[in-house]
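Quick notes on the structure that follows.
The numbers here are math on the coordinates, done by the rules we state, and not lab data. Only a predicted model underlies this, so the values are computations on that prediction, with no experimental measurement involved. Ideal geometry is used to build each Cβ from the backbone, glycine not excepted, and the neighbour counts take in all protein chains shown.
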Amino acid sequence: MTRKPANRDAFSVLDRPNSYIGKTVPRPNLDRLMQGRGLYVSDIELPRMAHVVFLRSPHAHAKITGIDAAAAERMPGVIAVVTGQEIAVVITPWVGVLSHLKGLKSAPQSAIAVDRVCWQGEAVAAIIATSRAAAEDAAEHISVAYEELDAVTDMQTALDPTTSVIHPALGDNLAFERNHDAGAVDAAFAASDEVVEAEFIFGRHTGVTLEPRSVVADWNSAEGRLTIYQGTQAPHMVQNIAALHLGLQESQVRVVCKDVGGSFGIKVHVYADEMATYALSKLLRRPVKFVADRVESFNTDIHARDHRCKGKIGVKRDGIITAFEIDDLTGIGPYSMYPRTSAIEANQVVNLVGGPYVTKNYRARARVVFQNKNVMCQYRAVGHPIACSVTEGLVDLAAMKIGMDPVEIRRRNLIADDAYPCASPSGLRFEQLSHHAALAKLIKMMDYDALRAEQAMLRAKNIHRGIGIASFIEVTNPSAAFYGVGGAKISSQDGVAVRLDAQGAVVCQTSITEQGQGSESLTAQIVGSVLGVSMDRVRVILGDTDNTPYGGGTWASRGAGIGGEAALQATKVLRKNILDVAAAILQSSPGDLDIVSNSVVNVSDGAPRIELSELARIVYFRPDTLPPGIQAELMATRHFVPREYPFAFTNGVQASWLEVDTDTGFVKLLKHWVVEDCGTIINPQLVDEQIRGGVVQGLGAALFEKCVYDERGQLTNANMADYLVPMSGEMPDIDIGHVVSPTMESELGAKGAGEAGTAGAAAAVTNAVNDALRPFGAIITEIPLTPQMILTALGRI
Amino acid sequence: MKASAFAYARPTSVPSALELLVAYGDKAKVLSGGQSLMPAMNLRLISPEFIVDIGELAELRGIVVKGDVLTVRALTRHVDVLRSPEIATHAPLLRDATSHVAHPAIRNRGTLGGSLAHADPASELPACMVALGATVIVCGPRGERRIPAQEFFTGIYETALSPQELLVAVELPVARKDSVHFFHEFARRHGDYAIVGLAAQSTIVDGQFTDLRLGFFAVGDRPLLAGAAGKLVNVAVTPEVLANASAVLGEELDPQEDQQATPAMRRHLAKVLLQRCVSTLLSRADLQSGVPAR
């Protein structure tokens, strides 16, 4: 199914000899990590380094009427206890809004709460001591007097006039509202044979990174410079924000990001406690380390989802979908998160609902409200699982209503593969998608008809299995349209510098970052392939604002598509520069030469002419022997950002096969399939594992994960025993297939693959559960789908 | 997540461990495998002043069969139970149950004695002790006490063990040749604490139970030896007999509500377990009804 881009350079990285593109090669960082030689923030020890522990509010909403830290300050090992008022001297508050999200409002948020706490877990004081244990001991001796305030916890009543307003200056609890109306929705519903409505409910959950958020901040007052060691996805963004609020120039802030133990969007934000740690280092003029423990991770790492979305679909008897309509409500906690804001997920839901389908009739409303719970923001596949579950849930309900097979209704409504370029009803532009090819491949992989036969056979034996299908679109390779146009200093371009060292090896500095997805590997594969050197000669440096080009980092599935293209373009320049020098040395012409397997060779017969190590020796140590006027440039830098399309959309389809034990309500996942189109595949194994990991996080949302708050705003399951992350024992085999439609925006043709798995997994599972429960007349549109919920729907309890 | 400061001792004999427990009383905590104690301390849910680490008491290790009695000493780790041929032969129920205890990393450290002394009502092993009719042996300043398992567990995390006493072993009757067992639990993920579980031991003659001990767990504040078993012994089990036993079981249970399940769901699942246990042990598929579709 590979579509060959028409307008390509004669020279293409895709078909060079010894290319690593499209090959599964081991990640360069594997041995280092497997041998325990990774360097995470927790591993960093600096002279005079102190540890900070934050005393956090036990209340969801309360006035702080007094803080008595005298006893704590006298405890052994305690260096200082710092309150919100005291830290405000060195760091300014922030407001998480962006101008392109019209009407989005939020209140100023401080590094440490001043006067008032707005969620259970907000920091009220910092205890800095010689060890984390000493600081925790001291924290127990701080007494904070609170006066409890009404807590706004239920998003459904947050906008009621009788509900108290969390930030009175804002007037109400509505952070953001977006309305969209395309086509002729009312007429379409009126002309439909059937109209089906349902309310879809999504539990609040979170990313649960293996390595918690962690920072070492080191203010060097002699240099007037702050070095921040942090596991972040976006070092330059952190540099900008830290400088802005500490009153520094960006040149006074260096952000170093070594190994990161998982991120999933959790580490793409700047959190209050991280800001406080930077400020404390400046205040105390010494390095300060903050490593969140698991309880505070649950209480303060951004949460996500938590939507209630009413959906409506119209359908003709022949299966043609006439319109979609949604009304989405989400609660984001007391502040819009900084600097990316908490309106993005709801905005994405509006963007993405109905996206795979032909109908142009689409009406949407999304409302984002404040509440006294932990902040919500972007987590892997932002908005996608909501939009996909609503869309695909409605499509299945429509199919059920008219008695059509779920695959057939999709065949009749998915945008045709030859209809591109085109736009979605929400105005998103699609360059080239492949819904039908993907669906056809999926049906073949899963042997759909055989599964349906097996399902029917087992039903007779009172065994209830279900098949769920979910088509989806995925936002990748975001341009400035995501954040830059709204005023956020979050770069959408990335840069790569490559240089040939004196022994013919390559040093590559890139502004994308690595959190386990393989950024380092894909960069080395591209550089090695384009240049013609073996990968073991390519060393990739990332995660250091002093030592990499300026760029966005790794998030929203942009590393391969944007950073990878920058690497390709930089390496092309380096290759040209090398061949120019080689031609001068060899008295040949650059066009007659190529680089293959670390040597310059003749294009004509492939005969080796000069090894890169020898060329480098001449350039660096005997430039006197080069012809006059030749100045070698064995370093090249290029940047890239997509300009034509704001986003490179990808598409895919997932299927779930599962069994519901109707006596117990337990769901056993039997098998899962994904067909995905991310354009050019650089490393098939990395892509497949990205998708599998994403599917597992989607399955977590479908069946297990939920941050359970009580009505007073207390998070009641902030631990790994009660918050159920998906574990291998419950995961099915996940088969993955690909359709390849490269983007023409770049020579590489790569689109992202990081969100795909998470985007559709929950929708596939929910549809499969409802398919299994069909003989019982039960339909569930809420996740996580718990045994309790299923037994209740079955009327068993 | 760092424990409060505490004093620590690692005695080398049971008498010296007992001396420490007598001296410190309820200010001390016994550290065995540490798989429940250490997380609780790190979360500062408890802050004992004194830790008595019994890890070096070699006399508390080992599994011994003597006549009709299988003795499992307190420091026997879950992994040792899983690998023991004596357990496999003489208490296969215990082996099956132990495979459901958490995960390998935890089973490598956690001990049988620790699990029993901790007395989590959702834990598998206390229910096995009740189902198997075990005797818990504790040592204290006034010597040894032998406590029937059913009397040992007295509430949520509560046992008949006094702060001055140390659990040293359990004694189990060797499984009879004609006995069969059943173990199953409903947990959201493998290795989690059960929502409801059942450890059952029985003897069957001519398709009828002559003995049936049903040890339910996670259905109340302690493991329950269900009286409903009495309705199933020495009778031909019909769907009606089973339904009657199930109704009796429902009345016996006093399940708690938590985030996984309401009391009604626990009661329902316990009945499902009873049905599956009986149909499995008697090899009677006809008793495994399932819910018919509408």
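Observations
- Based on the reciprocal of the average 1/r between different C-alpha atoms, the Kirkwood radius for chain A equals 27.7 Å.
- By the helix-only formula, in which each DSSP H run with n ≥ 4 contributes -39500 (n - 2.57) and the sum is divided by residues, chain A has a 222 nm mean residue ellipticity of -8000 deg cm²/dmol.
- Inter-site label distance for A:Thr24 and A:Met635 at 7 Å from Cα along Cβ, in nm: 3.8 nm
- Normalised by residue number, the volume inside the convex hull of the Cα atoms of the stretch B:63-128 is 76 Å³ per residue.
- Intensity falloff of the stretch B:195-280 expressed as log10 I(q)/I(0), Debye formula with alpha-carbon point scatterers, at q = 0.23, 0.27 Å⁻¹: -1.07, -1.42
- For the protein assembly as shown, with +1 on Lys and Arg beta carbons and -1 on Asp and Glu, the positive-most of A:Gly38, A:Ala138, B:Val235 along the dipole: A:Gly38
- Pairs beyond 22 Å (Cα-Cα), from A:Lys444/A:Lys751; B:Lys2/B:Lys29; A:Lys105/A:Lys751; A:Lys23/A:Lys576: A:Lys444/A:Lys751; A:Lys105/A:Lys751; A:Lys23/A:Lys576
- Amide H within-cut-off set for B:Leu31, under 5 Å, with H built and near neighbours excluded: B:Val52, B:Asp53, B:Ile54
- Candidate lysines for bridging to A:Lys102, where Cα separation is under 22 Å - those fewer than 8 sequence places away on the same chain excluded: A:Lys489
- Local electrostatic count at B:Pro141 - Lys and Arg +1, Asp and Glu -1, tallied over other residues with Cβ under 9 Å: -1
- Length, then width, then depth: along the principal axes, the Cα atoms of the stretch A:57-159 run 51, 28, 22 Å.
- Karplus-derived 3J(HN,Hα) values for the stretch A:425-436, using 6.51 cos²θ - 1.76 cosθ + 1.60 with θ = phi - 60°, are x, 8, x, 6, 9, 9, 7, 6, 10, 9, 4, 6 Hz; glycine and proline are entered as x.
- Paired Rg and Dmax values of the stretch A:318-451, which use every Cα atom, in angstrom: 16.9, 51
- Bins of 10 Å from zero: percent of alpha-carbon pairs in the stretch A:519-559: 27, 48, 25, 0
- Rel. contact order, % - alpha carbon contacts under 8 angstrom, at least six apart, the stretch A:150-290: 23 percent
- Mean separation of Cα pairs under 8 Å and 6 or more residues apart, divided by the residue count, gives chain A a relative contact order of 16 percent.
- For the stretch A:729-737, backbone phi angles converted through the Karplus equation (6.51, -1.76, 1.60; θ = phi - 60°) give residue-by-residue couplings of x, 9, 7, x, 5, 10, 8, 10, x Hz, Gly and Pro being listed as x.
- Paramagnetic reach from B:Ser16 (point 7 Å along Cα→Cβ, amide N under 17 Å) across the stretch B:39-65: B:51-61
- For the stretch B:1-134, fraction of C-alpha pairs farther apart than 22 Å, in %: 40 percent
- Within the protein assembly as shown, percent of DSSP bridges classed antiparallel, to nearest 5: 80 percent
- Cβ-based net charge around B:Ile51, under 10 Å, with every Lys or Arg adding one and every Asp or Glu removing one: 0
- Distance between the pseudo-spin-label points of A:Thr65 and A:Glu711 (7 Å out from Cα toward the beta carbon): 2.5 nm.
- Charge tally in the Cβ shell below 9 Å around A:Arg317, where Lys, Arg are +1 and Asp, Glu are -1, A:Arg317 excluded: -2
- Phi-based couplings in Hz for the stretch B:66-76 (Karplus 6.51, -1.76, 1.60; Gly and Pro marked x): 9, x, 8, 10, 9, 9, 10, 7, 4, 7, 4
- The stretch A:561-597 and the stretch B:152-213 have Cα centres separated by 73 Å.
- Spacing of the two label points (7 Å from each Cα toward its C-beta) at A:Asp418 and A:Met789, in nm: 4.2 nm
- Which of A:Ile469, A:Ile463, B:Ile46, A:Ile490 has the fewest Cβ neighbours within 10 Å, and the rest in rising order: B:Ile46, A:Ile463, A:Ile490, A:Ile469
- Per-q log10 I(q)/I(0), the stretch B:188-234, q = 0.15, 0.29 Å⁻¹ (Debye; single scatterer per alpha-carbon; no solvent): -0.47, -1.01
- Cα-based convex hull, the stretch A:515-596, per residue volume (Å³, whole number): 102 Å³
- About its Cα centre, the dipole of the protein assembly as shown is roughly 860 debye, where the only charges are +1 on Lys and Arg Cβ and -1 on Asp and Glu Cβ.
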